[in-house]
Amino acid sequence: MEKKEPFNITVNDGQHEFAVQPDEAKNLDIVPDGEGAFQILHEGRSFHAELLELNYASRHFVFKINGVKYKLHIADHYERLVQKLGLNAGSSQKQNTLKAPMPGLVLSIMVEQGQVVSKGDPLLILEAMKMENVIKAANDGTIKSVAVQKGAAVEKGHLLIEME
């Protein structure tokens, strides 16, 4: 039997947190009630919900439920795994250090000290679990230093590149 991971839901930046199993989510009684509006029946109670904002990429949603505004963040199993591995692609903070997200072998380094890079530019290739992973720049910047050499074995968290 396949183990199903819950959705972790955070309300109003941590004011409330709870988990919903996928089967529970499928069994919610939700009826569309116009553009971005819904009627929800849960445990014998009726709720009117309006979707005010949505950002699928960051899994953030703003609802007005029975006249009260709620900001939700829904994290599934894959998002929690990405966070655990340190691969948060949606981070808006400028990263000045690039560390190995997993143990592996540095196959190729595509940048050198002083080089200007843009967000998304490939920096190096890290082989892990027989897969080649292209590590890309999380933001624009200049390469301050390259702390590894081609062929180096690295552990998770090992400093690879510093940017400024």
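The values are calculated or read from the model by the stated rules, or taken from the named source; none is laboratory data. This is a predicted model, so every value here is computed, not measured. Note: ideal-geometry Cβ built from the backbone for every residue, glycine included; neighbour counts use all protein chains shown.
What are the residues in region 27-61 that are of a type in the set (S, T, Y) and within 26 Å of the chain's Cα centre (by Cα), if any?
Residues of region 27-61 of a type in the set (S, T, Y): 46, 56, 58.
Matches in region 27-61: Y56, S58.
Residue by residue through region 113-164, note down the ones that are closer than 17 Å to N96 by Cβ, of a type in the set (D, E, K, R) and in a loop (DSSP other than H, G, I, E, B).
Those that are closer than 17 Å to N96 by Cβ, of a type in the set (D, E, K, R) and in a loop (DSSP other than H, G, I, E, B): K119, D121, D140, E164.
Pairs only if they're at least six apart or on different chains, beta carbon under 7 angstrom, first in region 61-74 and among the hydrophobic types (A, V, I, L, M, F, W, C), second exposed (fewer than 13 other Cβ atoms within 10 Å of the Cβ) and in a strand (DSSP E or B); list them, first residue then second.
Qualifying pairs under 7 Å: F61/E53; V62/E53; V62/K69.
Restricting the first residue to region 42-59 and requiring it to be assigned by TED's automatic domain parsing to the domain that holds H73, which pairs with a second residue that is polar (S, T, N, Q) and modelled with pLDDT of 85 or more meet a Cβ separation below 6 Å and a spacing of at least six or different chains?
F47/N66; H48/N66
Any idea which residue in region 1-60 is surrounded by the most Cβ atoms within 10 Å (Cβ to Cβ), counting only those that are among the small types (G, A, S) and within 17 Å of L72 (Cβ to Cβ)? If you could, list the steps in order and put the result at the bottom.
As a first pass, look at region 1-60 and keep what is among the small types (G, A, S): 14, 19, 25, 34, 36-37, 44, 46, 49, 57-58.
Now restrict to residues that are within 17 Å of L72 (Cβ to Cβ): 14, 19, 25, 36-37, 49, 57-58.
Working: G14: 8, A19: 11, A25: 13, G36: 14, A37: 13, A49: 17, A57: 8, S58: 12.
Restricting to residues being among the small types (G, A, S) and within 17 Å of L72 (Cβ to Cβ), the top hit is A49.
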